Amino acid sequence: MAEYAHILVAVDLTEESRIVATKACGLKSAYNANLSCVHVIEPLSLAYGGDIPMDLSTIQEQIHETAKSHLAEFASTLDIATENQHLIFGRPETEIDTLAQQIGADLIVVGSHGRHGIALLLGSTANGVLHGAPCDVLAVRVGT
């Protein structure tokens, strides 16, 4: 059985993140591992195809500030040190894998919805993380 020294939990800061984080905290305790968390903010230009004829920087800054405070609040309930809290702009599946490599994580814990239809065609974040991960990935089923 693998021993994990540094676990990275990826959260979207919804209520379902609690389920994913609980699993990651259990593993942290079981392996006496370090625990880091990451929340990735998808830039509005990516989310909406880049065809919005307005300056989104103010909105993007507000999103960043809100996410920063929510992440700090969330991480404090998990006893995750500030230096192990990561807030990144970009595509979640790419940024999570890149961060895992940078911090030397040997396990990434993500939530997975097991969606169907269009979400299945586009691929989930968990699926994207799995295919590019530099280490093991645990997909925790959340939602319905």
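One decimal place: the segment residue 14-residue 103 gains 29.6 nm when fully extended, by the rule 0.36 nm per residue minus the C-alpha distance. Full extension of the chain between residue 77 and residue 61 gives 3.3 nm of extra length, using 0.36 nm per residue less the Cα-Cα distance.
Computed from label points 7 Å out along Cα-Cβ, the spacing between residue 5 and residue 44 is 4.3 nm.
By per-residue mean of other Cβ atoms within 10 Å, what is the highest-first order of 61-74, 129-142?
On the way: 61-74: 13.5, 129-142: 17.4.
Highest to lowest by the protection proxy: 129-142, 61-74.
With r defined as the distance between the Cβ atoms of residue 22 and residue 87 and R0 fixed at 22 Å, what FRET efficiency is calculated, to the nearest 0.05? If you can, show how the numbers build up before the last one.
Values: r = 21 Å, r/R0 = 0.96.
According to the calculation, E is roughly 0.55.
The numbers here are math on the coordinates, done by the rules we state, and not lab data. Just so it is clear, the model here is predicted, and its values are computed rather than measured. All Cβ positions, even for glycine, are placed from backbone atoms using ideal geometry, and neighbour counts span all protein chains on display.
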